[in-house]
Amino acid sequence: MIVAIDGPAGAGKSTISRMVADRLGWTYLDTGAMYRAVTLLAQEQGISSAAGEDLDQLARNLEISFQPGPAGAPRVFAGCREVTEAIRTQEVTGAVSEVSAHAGVREAMVERQRLCGNDGNVVVDGRDIGTVVFPRAEVKIFLTASVGERARRRRLELEGKGIEIGQEQMEREIAARDDLDSNREVAPLKAADDAIVLDTTEMSIEQVVDRVAEIIDAKI
Ligand code: CDP
């Protein structure tokens with residue numbers, strides 16, 4: 001069974017997807033980490049976020065893999081090198097939406113994501129999972145929350161890493177990324193027609209995990 005979890009930045013997709021996958025003993029696939037890895041490598045190689053051809057080639061040739069991590073969050077590898085932390089910097093976050101808007105980059109990533117879907121029960125999170133990558137996913141959930149709440153959650157996450165960002169700046173950054181992700185030509189962020197929309201603004205993590213698990217149970 002494929003469970004597709006889409007939604008904007010800071011809605012809680014990765015936390016919820018990981019916890020649901022853990023609870024069920026299923027695989028979790030973080031597709032955002034894949035676009036982040038392409039962005040990191042592009043930055044290191046001096047490839048501009050606007051350089052279509054070079055980015056496409058980089059994306060096609062980049063080997064991205066995952067291994068289980070100590071705190072449940074998967075470790076991410078580009079080739080043999082671990083990039084788990086390096087793909088979460090503000091530099092990468094600031095450029096990933098531009099990089100991931102390129103059709104060739106998406107094609108290369110979607111092909112790999114679909115291969116993971118052949119492997120049995122998987123929870124996949126991203127922006128276009130229910131609409132493009134797995135349009136026939138048995139369960140589709142669109143997680144969202146107010147911009148203010150999403151910015152608050154992201155600030156807390158960054159604070160844990162010693163990075164302090166004001167609420168207003170965070171809201172601006174999140175809104176800018178939402179705007180790029182929702183208005184790109186290829187595979188824009190939107191809820192699939194048959195997705196269940198969950199507004200998590202007023203919900204705790206446990207409540208969201210329980211609700212998603214209930215939806216999956218009902219399908220099973
Ligand atoms: O965790 P956060 O919401 O900050 O973002 P992410 O899931 O790591 O995704 C980072 C970026 O990758 C998004 O803002 C999108 O631009 C892009 N992305 C995408 O285009 N398609 C996906 N399936 C997943 C991510």
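Amide H contacts for I64 (H built 1.01 Å from N in the peptide plane; partners 5 or more residues away or on another chain; cut-off under 5 Å): G79. Residues in the range 131-142 carry Karplus couplings, in order, of 8, 10, 6, 10, x, 9, 3, 5, 10, 10, 10, 10 Hz; the curve used is 6.51 cos²θ - 1.76 cosθ + 1.60 with θ = phi - 60°, and Gly or Pro positions show x. Result for the chain in a Gaussian network model with C-alpha springs under 10 Å: among I174, I47, I129, the largest mean-square fluctuation is at I47.
Surface listing: S100, S65 arranged by accessible area from highest to lowest gives S65, S100, probe 1.4 Å.
Placing +1 on the Cβ of every Lys and Arg and -1 on the Cβ of every Asp and Glu, with no other charges, gives the range 2-219 a dipole of roughly 300 debye about its Cα centre. Computed extension length for Q67-R112: 14.6 nm, one decimal, from 0.36 nm per residue of separation with the Cα-Cα distance subtracted.
Rounded to the nearest 20, the Cβ-based charge dipole of the range 98-212 about its Cα centre (Lys and Arg +1, Asp and Glu -1) stands at 200 debye. For the range 2-219, the fraction of C-alpha pairs more than 28 angstrom apart is 23%.
The accessible area of R18, taken with all protein chains in place and a 1.4 Å probe, comes to roughly 50 Å². Computed extension gain for D217 through S48, at 0.36 nm per residue and net of the alpha carbon distance, reaches 56.4 nm. Counting only protein chain heavy atoms and rolling a 1.4 Å probe, the accessible areas of E206, E168 rank, largest first, as E168, E206. Between S182 and Q90, what FRET efficiency follows from the Cβ-Cβ distance if R0 is 22 Å, with the result rounded to 0.05? Taking R0 as 22 Å, the efficiency between S182 and Q90 is 0.55. With both labels modelled 7 Å from their Cα along Cα-to-Cβ, the I205 to K190 distance reads 3.2 nm. Prolate is the label for the range 10-91. Its Cα gyration tensor axes, ordered a ≥ b ≥ c, give a/c of at least 1.5 and a/b above b/c.
Residues of the range 91-127 falling in the label zone of E168, defined by backbone nitrogen less than 14 Å from a point 7 Å along Cα to beta-carbon, are absent. Length available on full extension from C80 to V197: 0.36 nm per residue minus the Cα-Cα distance, which gives 38.3 nm. Working note: 222 nm ellipticity from helices only, DSSP H runs with n ≥ 4, each -39,500 (n - 2.57), summed and divided by the residues of the chain, gives -15500 deg cm²/dmol to the nearest 500. Assuming a ≥ b ≥ c are the square roots of the Cα gyration tensor eigenvalues, decide whether the range 97-157 counts as rounded (a/c under 1.5), prolate (otherwise, with a/b larger than b/c) or oblate. The shape class here is oblate. Derived scalar couplings between HN and Hα for the range 37-52 equal 5, 4, 5, 4, 4, 4, 4, 5, 8, x, 8, 5, 5, 9, 7, x Hz in order, rounded to whole Hz, by the Karplus curve 6.51 cos²θ - 1.76 cosθ + 1.60 (θ = phi - 60°), x for Gly and Pro.
In whole percent, what relative contact order does the range 2-219 give with Cα contacts below 8 Å and a gap of six or more residues? Relative contact order, the range 2-219: 33 percent.
Using heavy atoms of the protein chains and a probe of 1.4 Å, the accessible area assigned to I165 is about 20 Å².
The figure for C80 is an accessible area of roughly 130 square angstrom, using a 1.4 Å probe on the protein chains alone. How would you classify the range 70-112 from its alpha-carbon gyration tensor, with a ≥ b ≥ c the square roots of the eigenvalues: rounded for a/c under 1.5, else prolate if a/b is greater than b/c, otherwise oblate? Oblate. Restricting to bridges with both residues inside the range 2-219, how much of the DSSP beta-bridge set is antiparallel, in percent to the nearest 5? Of all bridge pairs located within the range 2-219, approximately 25 percent are antiparallel.
The values are calculated or read from the model by the stated rules, or taken from the named source; none is laboratory data. Because the structure is a prediction, the values reported are computed rather than measured. Note that we place each Cβ from the backbone using ideal geometry, even for glycine, and neighbour counts take in every protein chain shown. Only protein heavy atoms, including side chains, enter the accessible area calculation; ligands, DNA and RNA are left aside. Shrake-Rupley method; radii C 1.70, N 1.55, O 1.52, S 1.80 Å.
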